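Read-outs throughout are calculated quantities, based only on the coordinates presented, and are distinct from any laboratory measurement. No experiment lies behind these values; they were computed from the predicted model shown. Cβ coordinates were reconstructed from backbone atoms using ideal geometry, including for glycine residues, and neighbour counts include every protein chain displayed.
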2 protein chains.
Amino acid sequence: MAKNEFDIIKHYFAQQQLQRDDVALAIGDDCALVNVPVDFSVAVSTDSLVAGTHFLADADPASVAYKALASNLSDLAAMGATPAWVSLALTLPTIDETWLAPFCHSFFELANQYNIQLIGGDTTKGPLSITLTVQGLVPRGQALTRSGAQVGDDIYVTGDLGDSAAGLALILQQQHCDQHLAATLIERHFKASPRVNVGEALRGIASAALDISDGVVADVQHIAARSNVAIEIEVEQLPLSAELLAFCDGDRQQAQQLALSSGEEYELCFTASAANRDALKVALAHTNIKYTCIGKVKTGSGLSLLQSGKPLTWQLFGWDHFVVKDN
Amino acid sequence: MAKNEFDIIKHYFAQQQLQRDDVALAIGDDCALVNVPVDFSVAVSTDSLVAGTHFLADADPASVAYKALASNLSDLAAMGATPAWVSLALTLPTIDETWLAPFCHSFFELANQYNIQLIGGDTTKGPLSITLTVQGLVPRGQALTRSGAQVGDDIYVTGDLGDSAAGLALILQQQHCDQHLAATLIERHFKASPRVNVGEALRGIASAALDISDGVVADVQHIAARSNVAIEIEVEQLPLSAELLAFCDGDRQQAQQLALSSGEEYELCFTASAANRDALKVALAHTNIKYTCIGKVKTGSGLSLLQSGKPLTWQLFGWDHFVVKDN
């Protein structure tokens, strides 16, 4: 890109107000320099969003920025890490200020909310895509991994499940519903909140955790595989919002389908021993985020879905077609 | 991507042998976890290579991998940081094993050489591009930045300048020369070595440093701007290889032109006080990398080019068209 194009981009990225004390050097040198407190580990996650694959090229840039950062913050939340720094690689076909302005506004709004500082990156010319590398801090030995689930543990999820999938179906006009309800569900798809404070609160209490990015059915299997356990989910315990049930015209089974397969919710799925039930209640009380026990960790491997304690009599839509992505 | 496609990619990335002690958790969870030694800072750099912008879509995948990682390692070198960890975001139009196999082989070969471990990333479907975030370790307060040059300092470059530009001109068939010579210069373009050991050796000795990625003329201006000084370069002191002079048929001025504007060389440009000349000699002796004083730091601002102590009488090609990119 030509010099003036870089100047335009620099102007937008210079809008960042946040200056963390642990950033010794931010944008403008060959590298950024950051300092890590003694006895903390650094959690690092990278995710790309590519136009045409993860969002439409004409998607609202504010929503794209939100999604890119929120999905990465959700990975930090899943580790129990506190967000610290982010690097942004932005590939743009042209320098379009009507795209950059809302993108940066939305990006920095969310970054400020979670006290995460942009420390560097790269801006290149090419097909639209965004790659973020986020970093967070977690006390050594306290990170929540996928591999710690123990037989007998309870398995929980935060929030409600399925609203994001319902919102997406509405955006894609695959389904329709009352306008007010649609607006609520679409908002939940675009503005799902990463559960950073929950992840932090779960340190020392949860035995395993991950964020629900590909749907709870696909994601809990990562815990099962990496912890060498089986997981049993009781579909009647899945937390369903009143809006999701209204969207499904009260069809509980359809709502459960959506709850099981809905991705990009940024809810956390975690396991904890029965002995930690009280500790969990205390730790999560201040987060104001609800959590629900949806099953148990068992001996064996894989995932079983139960309905009122009996094997499911209905076929989970798309069961065989899930993209099981091991990050 | 479908499950089997992820399995294919996992297979290639599982080929990594390197396991650093400071990596508590690598690929396979929501985040990687790394530990930083007390009294060290973390240097972080992100660079993207996009097909069609930075390389041709049909470029040799081994060369693409080398360039992506080497250019990032060069940023660490410029800070005096020791490479530690890398995250790879790879966007591929299709899963092509004839592309992935040489890409990964080349990537891990270079990564192993510099003891840098792949700790995570993302693989997505879309137009071919590679974004790397590299991280390195540097003792706190000893990082080499662009802002420390002092009036009176000498200014140096490592290696020879201009070979990479000559190699590129041959690749693009803009110029031709003897086949053996062409092979040497093309190899230097594709296989320029990041000067990691030089960067490490310069800690505590150099006052400022950066890597030459856009040509020495463009890059030293970053030191001038961030250090609030002027820089004077004596073109007769530019280190020119015998091969570059042969490529230019002995036309020293053409060779100097190339030396001044050649990018992607991964040579370091640094400043150091005259009092440190002996320390520099000792520190760099073990690296087996030559270094050359090419000028002085002066009061004022901007860059002056001199020839035998007098202002240049010839026009530097493209002087007004340099892309001055402030990372």
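Note on B:Ser304 and B:Ser147: their simple-model spin labels are 2.7 nm apart, each label 7 Å out from Cα toward Cβ.
With label points set 7 Å from Cα along Cα→Cβ, the inter-copy distances at B:His180 are 8.5 nm, sorted shortest first. Mean partner shielding of peptide A:44-57, defined as the number of other chain Cβ atoms within 10 Å of each residue Cβ, is 6. Amide hydrogen proximity for A:Ser207: with H placed 1.01 Å from N in the peptide plane, the residues at 5 or more positions away or on another chain lying under 5 Å are A:Thr271, A:Ala272, A:Ser273. Take each residue of peptide B:117-124, count the partner chain Cβ atoms within 10 Å of its Cβ, and average: the result is 5. I need the inter-copy label distances for B:Thr299: point set 7 Å along Cα to C-beta, values in nm with one decimal, smallest first. Here the equivalent label points are 8.4 nm apart from this one. Considering the dipole of the protein assembly as shown built from charges on the beta carbon (Lys and Arg +1, Asp and Glu -1) around the Cα centre, which of B:Thr145, B:Ala62, A:Leu185 is farthest to its positive end? Going by the Cα projections, it comes out as B:Thr145. Per residue of chain B, the DSSP helices (runs of n ≥ 4 H) give a summed -39500 (n - 2.57) that works out to -10500 deg cm²/dmol at 222 nm.
Position A:Val282: other-copy label points at 5.9 nm, ordered by increasing distance, label point 7 Å along Cα→C-beta.
Among A:Gly162, A:Gly215, A:Gly121, the largest mean-square fluctuation in a Gaussian network model of chain A (Cα springs under 10 Å) belongs to A:Gly121. Between B:Arg140 and B:Glu97, the C-beta separation translates, for a Förster distance of 56 Å, into a calculated FRET efficiency of about 0.80. Label separation (A:His105 vs B:Leu56): 4.4 nm, computed from points 7 Å beyond Cα along the C-beta direction. GNM on chain A, alpha-carbon springs under 10 angstrom: the most fluctuating residue among A:Leu33, A:Leu132, A:Leu88 is A:Leu33. Per-residue shielding of B:138-145, expressed as the average number of other chain Cβ atoms within 10 Å of the residue Cβ, stands at 3. Cross-link reach is defined here as a Cα-Cα straight distance under 15 Å, omitting same-chain residues fewer than 8 places apart; for A:Lys125 the aspartates and glutamates meeting it are A:Glu5, A:Asp7, A:Asp96, A:Glu97, B:Asp47.
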